[in-house]
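**Student:** Shown below is the structure under consideration.
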Amino acid sequence: MKISRIKLTILFFVFITAMFARADVILLKGGQKLIGDIAAERHDKIYVDIGISVIAVPKEDILEYHYEKGADINGFTIQPIMEANQIIPESAIRLYYTGQLQNKTIEQCVSEVGEAVVKVSSPAGLGSGFFINEQGYLITNYHVVEKETKIEVTVFKKARDGFDKKVFKSVRIEAINPFLDLALLKVEDFGDSKIKFAYLGDIEEVKTGQPVFAIGNPMGLERTVTTGVISTTNRALEGLIYLQTDTAINPGNSGGPLFNQAGEVIGVTNMGYVFLGGLGFAIPIDYVKHFIDNRGSFAYDKDNPNTGFRYIQPDGRRNKGKPKIIEEKPR
C-alpha cells in the first residue's frame, strides 16, 4: 500500500511538472510570474488561461513573456512570438531597455510607440524627446535645452477622440553632453500617470537602405510622422559619425527618435537642411547608450549650466618683458 501511494505521488508530481513545462511564462514588472496558456494576444494586453479562469494582463505591466515552442492552443500551433530574451531590461545601473522586437508596419509601430515621444519646450524654443523607461527619464538634444533651466515636457496620451495633451513643468536636467548634443532629463511630477517608453535598438543591425521613420514636432506641428530610409550608416561630420537619412528632419524634430521597422530607437535626430530635402542626420544609438551608461561623468551642475567639457588654458608667459626679436640673415 505504501509503495502504491509513493508511486502515485511521484506520478502526480511528474504530471504537474510536465504540465507546467509546456506552459507559457509571463514575468511581471513587480517580480511575479504567471504560468498558463496564452489564449489570445492584443496590442495592449494578453489573455492567460491559468486553469480556473482566464485573466487579462496589460502589456504595460509585463516585463517579458514567451510562448512555449510549438504549443497547441485551441487546435492551432503557436510559434514563439516573443522569446524570454527578446526584451531585456538592463541592469540597475542602466536606465533603458533593449529588445529584439519583430518588424511591423509603420502604422502599427506608430500606434505602439507614439505616446513615448514628447514635446520639450523652453523659453528659447521647442524640440522633441522620448522616454526611455517608466520612471520618467527621457532623451533629447543638448541644444534644445542649452542654457535653459525652465523646461516643460508635453505628453500626448491616446483618447477616444484623438490625443489628450498634458504638460509637466517639474523637469530636472540629469546629464548633458554638448559635444554629442545629448541631454538626459527626468519628469518628476508624473504622479500616478502611466508612462509609455521606447526600446533602444542595436546599431549593428542598422543597414543602408532599410526603412525608418521619425516622430517629432517640426515647426511646432505636434506628433508629425515622417518616413524614409537610411542613406548611409557612417556619415562623418565634425569629428563624429552620424546616421544619414532622407527622412524629413526639420526644426522641432531635434531630440526626437529615429525608429526602425520594429519600433526600436536607432538614432536621435538632430540635424537637417531646411532648403535641401532628403538630408537628415541622427546621432547613432550606440552614442546614446554610452552617454546614458556614463551619465555620472556628464552630470548636470546647476551652478555651471554649461558643464560637459572644459578647455585647460596654457600657462601664461613668465617673462613679462618685451620679447627680443632675432632677425634671420639670408643664406
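**Student:** Sequence gap at least 6, Cα distance under 8 Å: using those rules, report the relative contact order of region 203-298 to the nearest whole percent. Walk me through the intermediate numbers first.
**Tutor:** Working: 220 pairs, mean separation 23.5, N = 96.
Relative contact order of region 203-298: 24 percent.
**Student:** Let's test the formula: R0 of 35 Å, r as the Cβ-Cβ distance of Ala124 and Lys324. What FRET efficiency results, to the nearest 0.05?
**Tutor:** On the way: r = 50 Å, r/R0 = 1.44.
After rounding to 0.05, the efficiency reads 0.10.
**Student:** Find out how many positive minus negative residues lie around Ile173, taking Lys and Arg as positive, Asp and Glu as negative, among other residues whose Cβ is under 10 Å from that of Ile173. All intermediate terms of the calculation are to be shown ahead of the outcome.
**Tutor:** Details: positive: Arg172, Lys186, Lys302; negative: Glu148, Glu174, Asp301.
Neighbourhood net charge equals 0.
**Student:** For Asp301 and Glu107 in one chain, what is 0.36 nm times their gap in residues minus the Cα-Cα distance, to one decimal in nm?
**Tutor:** On the way: separation 194, 0.36 × 194 = 69.84 nm, distance 4.07 nm.
Result for the pair: 65.8 nm of gain on full extension.
**Student:** Between Asp202 and Lys45, what is the label-to-label distance in nm when each label sits 7 Å out along the Cα-to-Cβ direction?
**Tutor:** 3.3 nm
**Student:** Could you work out how far apart the two model spin labels at Val57 and Lys29 are, taking each label as a point 7 Å from the Cα in the direction of the beta carbon, and quote it in nm?
**Tutor:** The answer from the label model is 1.4 nm.
**Student:** Spin-label point model (7 Å from Cα, Cβ direction): what's the Tyr273 to Ala159 distance in nm?
**Tutor:** 4.1 nm
No lab work stands behind these numbers, since they all come straight from the coordinates. If you're wondering where the values come from, they're calculated on a predicted model, not measured in any experiment. Because the Cβ atoms are built from the backbone with ideal geometry, glycine has one as well, and the counts that use them run over all protein chains shown.
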